[in-house]
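Since every read-out is calculated from the coordinates, none of them should be taken as a lab result. Since the model is a prediction, treat every value here as computed from it, not as a measurement. In this analysis, Cβ positions are derived from the backbone assuming ideal geometry, glycine residues included, and neighbour counts consider all displayed protein chains.
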Amino acid sequence: MRPGYFEDLESFVELSSVKFEYLEPNSLKEACSMLDQYKDKAKLIAGGTHLIPLMKTRTVTPEYLINLKNIPNLEYIDYYSDFAEEGVKIGALATLFDLGRSVIINERAGVLVEAINLREQRLNKTRWAYYMTTIGGCLSSPESAADIAPALMILDAKAVMQGLQGWETVPIESLFTKNGNGDVYEILGEIRIPKQQESEVGLVYEKSVGTGGAPSMGAAVYLRLDLKHVDIEEIRIIVGGVGAAPVETQEGPAIMKGNPIDDHLIIDAADIAAGEVCGDSDPELLERARELIEEAIRHAIDRSIGDFALGY
């Protein structure tokens with residue numbers, strides 16, 4: 001743990017009026033044990049950029065605060081190679097600031113860097129928060145659905161979770177969709193991004209920032225063309241920010257797959273995908289989603305075939 005971290009926390013939260021017991025586990029398994037013991041009375045803290053403002057306003061009042069920063073070796077950004085798979089691994093305490101500057105991430109998962117650069121600082125707009133936000137903390141807050149989660153999902157990222165009984169690896173979307181079990185306490189330890197196909201592929205993240213109380217939305221698109229750069233062999237669209245979890249659309253991509261690039265097809269696919277994501281939402285939100293998805297599809301096509309995409 002960095003010197004002065006607890007002192008900064010004490011000053012920020014004003015412990016004289018916010019009472020809790022401060023705990024420092026030395027391993028993720030020990031932290032899981034603490035969560036199992038104190039259950040809903042406890043909260044995890046790493047960078048603290050999301051939790052501390054909530055504590056300061058008394059929106060969240062944990063009786064126990066479990067600081068993960070004392071756990072060693074959780075800030076890494078490195079390669080991995082296991083059996084038939086290789087890719088990039090990221091420790092849960094790696095900061096978004098470091099990820100955005102990482103040569104490894106820029107080379108192997110550039111769409112994640114795009115999402116990080118477009119992320120919003122919502123509750124905590126301080127310079128301290130800009131540098132301290134961890135990827136694990138970001139994924140634990142609901143707002144991350146509009147930021148980095150769609151980019152991780154489009155990369156087929158996996159979450160490596162530590163529980164009392166050991167480790168398990170699950171799709172990243174499980175962090176948002178898995179039903180909570182009050183008897184099972186797991187903590188994110190690592191994120192794994194498998195190696196991506198490099199040729200004939202367009203990977204894109206686009207953001208639509210909400211105003212006047214409207215939600216922000218993020219869209220990630222994966223698009224792969226055939227060798228002649230004519231037909232769309234595969235396309236995926238994931239949208240976050242509408243609802244509690246990012247949504248991977250099915251109907252929009254379905255009408256594009258196997259067909260040549262066509263302007264009207266792009267518009268129709270974006271319209272269908274927006275309706276799938278937004279449902280019966282207000283017309284303004286639906287139109288924003290449609291415009292965002294269409295822009296992301298077009299950008300993905302540009303990336304997959306470069307200058308040849310102009311004029312389709």
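At 24 angstrom or more along the helix axis (alpha-carbon based) and mean Kyte-Doolittle of -1.0 or higher, what helices does the chain contain? Whole DSSP H runs only.
Numbers: long enough: 283-305 (33 Å, -0.43).
Once both thresholds are applied, what remains is 283-305.
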Residue by residue through the stretch 57-69, what is 3J(HN,Hα) from phi via Karplus (6.51 cos²θ - 1.76 cosθ + 1.60, θ = phi - 60°)? Round to whole Hz and write x for glycine and proline. 8, 6, 5, 10, 10, x, 7, 9, 10, 9, 8, 8, 5
Listed residue (P62, N106, Q196) projecting farthest to the positive dipole end of the chain, Cβ model: P62
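State to the nearest 20 debye the size of the charge dipole of the chain about its Cα centre, where the only charges are +1 on K and R beta carbons and -1 on D and E beta carbons. Write down the numbers at each step before the final one.
Values: 29 positive and 50 negative charges, 233 e Å.
The calculated dipole for the chain is roughly 1120 debye.
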Could you work out how far the C-alpha centroid of the stretch 230-294 sits from that of the stretch 71-93, in angstrom? 32
Give me the extension gain from T177 to V209: residue separation times 0.36 nm, minus the current Cα-Cα distance, reported in nm with one decimal. 9.1 nm
Cα lying deepest toward the dipole's positive end in the stretch 201-309, options A270, I237, Y205, charges on Cβ: Y205
From the backbone phi of the stretch 98-109, what are the Karplus-calculated ³J(HN,Hα) couplings (6.51 cos²θ - 1.76 cosθ + 1.60, θ = phi - 60°) in whole Hz, Gly and Pro given as x? 5, 5, x, 9, 5, 5, 4, 5, 5, 7, 9, 8
Scan around I261 for amide H atoms under 5 Å from its own, H built in the peptide plane at 1.01 Å from N, and keep only partners 5 or more places away or cross-chain. I232
Give me the percent of Cα-Cα pairs in the stretch 34-127 that sit more than 15 Å apart, rounded to a whole number. 70
Charge context of G252, other residues only, Cβ under 11 angstrom, K/R +1, D/E -1: -3
Unit charges at the beta carbon, dipole of the chain: most positive-side option, A31, Q250, C138: A31
Inter-label distance, nm, simple model (7 Å from Cα along the C-beta direction), Q197/L227: 1.3
Which of the pairs K19/K41; K195/K257; K89/K207; K228/K257; K19/K43; K69/K158 have their Cα atoms more than 19 Å apart in this structure? K195/K257; K89/K207; K69/K158
Cα→Cβ-extended label distance, 7 Å offset, between L164 and V60, nm: 2.2
Just the projected area, averaged over all directions, of the convex hull on the alpha carbon atoms of the stretch 180-312: how many nm²? 10.5
Label-point separation, N106 to K19 (7 Å along Cα→Cβ), nm: 5.1
